[in-house]
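**Q** Below is one structure. I have some questions about it.
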Amino acid sequence: MLGLMQSQPLLISSLIEFAERHHGDGEIVSRRVEGDIHRYTYKDLAARSRQLANALDREGLQFSDRVASLAWNGYRHMEMYFGVSGSGRVLHTINPRLHPEQIAWIVNHAEDQILCFDLTFLPLVQAVHAKCPTVKKWVALCDADKLPADSGVPGLTSYETWIGAQTADYTWPVFDENTASSMCYTSGTTGNPKAALYSHRSTTLHAYAAALPDVMCLSARDAVLPVVPMFHVNAWGIPYSAALTGCKLVYPGPAMDGKSIYELIEAEQVTYAAGVPTVWQMMLGHMKPAGLKFSSLRRTVIGGSACPPAMITAFQDDFGVEVLHAWGMTEMSPLGTLCTLKNKQLGLSKDEQMKVRQKQGRSIYGVDMKIVGGNGEELPWDGKTYGDLLVRGPWILDTYYKGESPLIQDAQGRGWFPTGDVATIDPDGFMQITDRSKDVIKSGGEWISSIDIENIAMGHPAIAMAACIGMPHPKWDERPIVAVTLKPGAEVTREELLHFYEGKTAKWQIPDDVVFVDAIPLGATGKMLKTRLREQLKDYKLPGL
Ligand code: AMP
């Protein structure tokens, strides 16, 4: 017997319709590429998203055709989130930090038909447009008077002229909720990038889950600043969850330095911010020496790579901001776990709580996880045993776009996505990543977590950033070394830093050496690129060898 409730597909257009009707005067504030601050409301966003949908119809775009963006976090980009997907097309958000060759490759792979870009990226578009034959229209996300006269990009149109020619009368089409809505290529350090193709259903369910109190806890009382880019896994789904909750949104545009972000947080009384650790490192680096404080920020969600405990403590003790450590992947839309304490942990000492807070957290309803050993056997949740982390759920990838399914079948025939992360899970369900499987250091048959080694170094007051890698060793197979950058004006010797490890980890896990570098190579999404660091240190020899 079927239930007798209304059957309505979960569509992205329903989010913007809801926001317009119930939070119409909710504010969306954006710093623009032009440098000024732009303000409007969810009502304006909804109307302009419909104008964009009309413009796409006028171009003759078909259902499921791809429309690409090369853009910062801002209101026009958000209009694309709703106008493109809501009208049944697929939004392809491109990471502008990728190499131009890679960008041309993914535009061709996705067969993008229209590409909209912020003027910051004009040089990039000039470099790739001739290599992108599927793109029939190039649109600059700017006013007509900002359009460069001789851009060299054929038929370049200003976004405002393009959508300005259309009315806001438009009825969002209704279709199967499993229809593709957006896509994002993983920044893969080897081989060609692979795309996760999200659906209306996966995106809407993720938006609901992300807003839950033990997840991102978003509400109509928050002012939210997503520093995490809209070109990387849909800014962790915040634009969708924002429409669902009606929170004020504050977009930083191209100004991603510590000073600009701090000033925007203060000026717009932001209560909640989200970003990767490297961004917060820059902001705390700006604030601490100047003795600055936050007047409104209460919580920040940090993920994308391991958040060093020293950062959690600095936010909490020096600035009164609660850090929510999060873990996820492009293939997971991206949220998988978030670290919020359970009731029984509220009475723990600060140190005991800190041990929990530095973990990547508990599963969100909708994400099932397990750790497995080399033969696929499930491993215990004892907080010590580590294994390959597998996940399954309605917003987790089944098959790569035009590619293969990476899923591993269990005895019941259920497919699990192998994350490539190695983790422990404790009896309370808190998961802790010890490494990417390819970054784990194997020393004398035992594993050393590179994240643990990095976290300890980051706790030293002189260290700005630390990356731990394994170096070949004739007896132990591999031994860890730690490459570090120093904070401006700070000093520490190799011996002092190695001494700092004593008592903080087992003796055999202490790195064999410290390498001082000018910069740790970062990838397109701000994560450390250990492959490149290994290349840079290819002639390095461990002491005594
Ligand atoms: P991406 O798909 O580019 O977002 O990368 C996903 C990968 O980033 C994960 O598989 C993890 O290896 C890493 N990652 C994300 N969040 C965290 C975190 N909080 N701690 C450690 N690693 C993380």
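The values are calculated or read from the model by the stated rules, or taken from the named source; none is laboratory data. Since the structure is predicted, the reported quantities are computational estimates derived from the model, not experimental observations. All Cβ positions, glycine included, derive from the backbone under ideal geometry; neighbour counts span all protein chains shown. For accessibility, only protein heavy atoms count, side chains too; no ligands or nucleic acids. Shrake-Rupley method; radii C 1.70, N 1.55, O 1.52, S 1.80 Å.
**Q** Which number in (1) within 30 Å of residue 186 (Cβ to Cβ); (2) surrounded by fewer than 20 Cβ atoms within 10 Å (Cβ to Cβ); (3) not β-branched (Val, Ile, Thr) marks the one condition that residue 306 misses?
**A** All conditions are met except number (2).
**Q** Among the residues of the range 520-540, what is the count of those that are part of a loop (DSSP other than H, G, I, E, B) and in contact (Cβ under 8 Å) with a residue 60 or more places away in the chain?
**A** 8
**Q** Residue 527 passes all but one of (1) open to solvent by 40 Å² or more (accessible area, probe 1.4 Å); (2) closer than 17 Å to residue 453 by Cα; (3) more than 31 Å from the chain's Cα centre (by Cα); which number fails?
**A** It fails just one condition, (3).
**Q** Which condition number in (1) without any contact (Cβ under 8 Å) to a residue 40 or more places away in the chain; (2) more than 16 Å from the ligand (Cβ to nearest atom); (3) charged (D, E, K, R) is the one that residue 248 fails?
**A** (1)
**Q** Ok, one more. Check whether at least one residue in the range 123-130 is free of Cβ contacts under 8 Å to residues at least 40 places away in the same chain, touching a Leu at 6+ places or on another chain (Cβ under 7 Å) and farther than 24 Å from residue 50 by Cα, and report yes or no.
**A** There is no residue in the range 123-130 that is free of Cβ contacts under 8 Å to residues at least 40 places away in the same chain, touching a Leu at 6+ places or on another chain (Cβ under 7 Å) and farther than 24 Å from residue 50 by Cα.
**Q** Would a scan of the range 397-419 turn up a residue that is open to solvent by 40 Å² or more (accessible area, probe 1.4 Å) and within 11 Å of the ligand (Cβ to nearest atom)?
**A** The answer is yes, given that some residue of the range 397-419 is open to solvent by 40 Å² or more (accessible area, probe 1.4 Å) and within 11 Å of the ligand (Cβ to nearest atom).
**Q** How many residues are outside any loop (DSSP other than H, G, I, E, B) and within 16 Å of the ligand (Cβ to nearest atom) if we restrict to the range 420-442?
**A** 13
**Q** Right, something else. Tally time: how many residues in the range 86-103 are under 22 Å from the mean Cα position of the chain (by Cα) and in a helix (DSSP H, G or I)?
**A** Within the range 86-103, residues that are under 22 Å from the mean Cα position of the chain (by Cα) and in a helix (DSSP H, G or I) number 3.
**Q** Oh, and also: Could you check residue 374 against (1) at pLDDT 95 or above; (2) open to solvent by 60 Å² or more (accessible area, probe 1.4 Å) and say which number it fails?
**A** Just one mismatch for residue 374, condition (1).
**Q** Grab the strands (runs of 3 or more DSSP E) fully contained in the range 125-201, keeping just those with 3 or more residues being more than 16 Å from residue 80 (Cα to Cα).
**A** Passing ranges, in order: 195-199.
**Q** Here is a further query. Any idea which residue in the range 422-442 is farthest from residue 192 (Cα to Cα), counting only those that are at pLDDT below 95 and either in contact with a Leu (Cβ under 6 Å, 6 or more places away or on another chain) or among the polar types (S, T, N, Q) (or both)?
**A** The residue in question is 434.
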